[in-house]
Amino acid sequence: MSYILNFSGQKVPKIFNKTVSGLNNNWYFFRIADLVHYLTHTWGQPDIEISKPNVSNEILLNKWGF
């Protein structure tokens, strides 16, 4: 996810003890919880949050995002 953010123009910032640097001088989260916190802080609460992978696709119809 950090790779996608970095290369789509939404650069992940350096955050002490939360991100690590890559060979390409970009920063990457190594804990999902830190990534979720960053996304929520940066973009706000999600409109839909799915916790089970076997949810019907209809809930995502006409939705955009990660």
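The values are calculated or read from the model by the stated rules, or taken from the named source; none is laboratory data. Everything numeric in this text was worked out from a predicted model, so none of it was measured. Note: ideal-geometry Cβ built from the backbone for every residue, glycine included; neighbour counts use all protein chains shown.
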>> Any residue that is within 13 Å of the chain's Cα centre (by Cα), exposed (fewer than 10 other Cβ atoms within 10 Å of the Cβ) and free of Cβ contacts under 8 Å to residues at least 60 places away in the same chain - is there at least one of those in segment 20-37?
In response: yes
>> Just the residues that are under 14 Å from the mean Cα position of the chain (by Cα) and modelled with pLDDT of 75 or more, please, taken from segment 49-66.
In response: Glu49
> With respect to the numbered conditions (1) of a type outside the set (Phe, Trp, Tyr); (2) within 13 Å of the chain's Cα centre (by Cα); (3) part of a loop (DSSP other than H, G, I, E, B); (4) surrounded by 10 or more Cβ atoms within 10 Å (Cβ to Cβ), which one is the sole condition not fulfilled by Ile15?
Replying inline: (2)
> Of the residues Asn17, Asn24, Asn6, which is on the phi > 0 side of the Ramachandran plot and of a type outside the set (Val, Ile, Thr)?
Replying inline: Asn17
> Across segment 27-48, which residue is modelled with the lowest pLDDT among those that are out of contact with any strand residue (DSSP E or B) (no Cβ under 7 Å at 6 or more places or on another chain) and in a loop (DSSP other than H, G, I, E, B)?
Replying inline: Ile48
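Taking Asn24, is it modelled with pLDDT under 95 and of a type outside the set (Val, Ile, Thr)?
On the way: modelled with pLDDT under 95: yes; of a type outside the set (Val, Ile, Thr): yes.
When the stated conditions are applied, Asn24 passes them.
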